[in-house]
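Submitted below is the structure of interest, expressed as structure tokens.
What follows is calculated from the coordinates using simple rules that are stated; it is not laboratory data. This one's a predicted model, so the numbers in the text were calculated from it and none came from an experiment. Note that we place each Cβ from the backbone using ideal geometry, even for glycine, and neighbour counts take in every protein chain shown.
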Ligand SMILES: [Fe+2]
């Protein structure tokens, strides 16, 4: 059975810099009938466990450590035994949600996960946060972009640990160079493609206000 991509949408709040915002998050499950990987388990454990069904969970990968992408990661790890992977530059953000629980393993640029017969390559794409990462699955024609690239432009860079110039550099050098047909599965909201976003890069820069 070929690998497939499933989305679970969960609801909760994003909290940073003393603010709190209601958000829906896309939790991605990638794998086949035997095994899978979960990206960004936020807000609600049960719908994610339902999505796994009886499959082996190989890894819990967090594209970054904002609370809405990680806040059921520890529960999911306890329930399944799967290790949590986070880029080490996310440690200051991680500690805001988990002061007493460190991640199990460190994501690194170029690292490859294998699941269900396909490869997922880690791209370190800082800007939305220092250790933000995307996962590229060329055999699936898919990019999992976390909060780095959305349908409509770059992720937010207005709060702590973010930087607009850095996210533009990451998107330009690592994401817009991917095949234009690559489907971008985002951390919030609808999918897009590299080809749909690429023509708008200069406008994002021109319209940005610090
Ligand atoms: Fe985020």
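So if I restrict to the alpha-carbon atoms in the chain, what is the Rg, and what is Dmax, the biggest pairwise distance, in Å?
Reported Rg and Dmax, both Å: 15.9, 49.
Separation between the residue 176 and residue 190 pseudo-spin-labels, each 7 Å from Cα along Cα→Cβ, expressed in nm?
2.2
As a footprinting exposure proxy, order 209, 180, 119 by other Cβ within 10 Å, with the fewest listed first.
209, 180, 119
Evaluated at 20 °C with a viscosity of 1.002 mPa s, what Stokes-Einstein diffusion coefficient in µm²/s does segment 163-210 have when Rh comes from the Kirkwood expression over alpha-carbon pairs?
For these conditions, the coefficient is 186 µm²/s.
Expected output is a single nm value to one decimal: the length gained when fully extending between residue 17 and residue 169, i.e. 0.36 nm times separation in residues minus the C-alpha distance. What is it?
52.3 nm is the gain from fully extending residue 17 to residue 169.
Using the 10 angstrom Cβ neighbour count as an exposure proxy, how do 115, 86 rank, fewest first?
Ordered from fewest to most neighbouring Cβ atoms within 10 Å, 115, 86 come out as 115, 86.
Label-point separation (nm) for residue 2 and residue 75, each offset 7 Å from Cα along Cα-to-Cβ?
3.5
Given the C-alpha centroids of segment 131-195 and segment 29-98, what is the distance between them in whole angstrom?
19
Counting only DSSP beta bridges with both residues in segment 48-177, tell me the antiparallel percent, nearest 5.
Antiparallel: roughly 75 percent of the beta bridges in segment 48-177.
Kindly state, to the nearest 0.05, the FRET efficiency for residue 204 paired with residue 95, given R0 = 45 Å and r defined as their beta-carbon distance.
E between residue 204 and residue 95, to the nearest 0.05, is 0.90.
Taking springs between alpha-carbon atoms closer than 10 angstrom, which of 136, 109, 66 fluctuates most in the Gaussian network model of the chain?
109
Given axes a ≥ b ≥ c from the Cα gyration tensor, I'd like to know whether segment 8-79 is rounded (a/c under 1.5), prolate (a/b larger than b/c) or oblate.
Prolate, since a/c reaches 1.5 and a/b exceeds b/c.
Moving to a separate point now. Using only DSSP helix segments of four residues or longer, with each worth -39500 (n - 2.57), what per-residue ellipticity at 222 nm results for the chain after dividing by its residue count and rounding to 500?
My calculation for the chain gives -5000 deg cm²/dmol from helical runs alone.
Give me 49, 149 sorted ascending by neighbouring Cβ count inside 10 Å, so fewest comes first.
49, 149
Only Cα pairs within less than 10 Å get springs; with that Gaussian network setup on the chain, which residue of 147, 17, 32 has the largest fluctuation?
Greatest mean-square fluctuation among the candidates belongs to 17.
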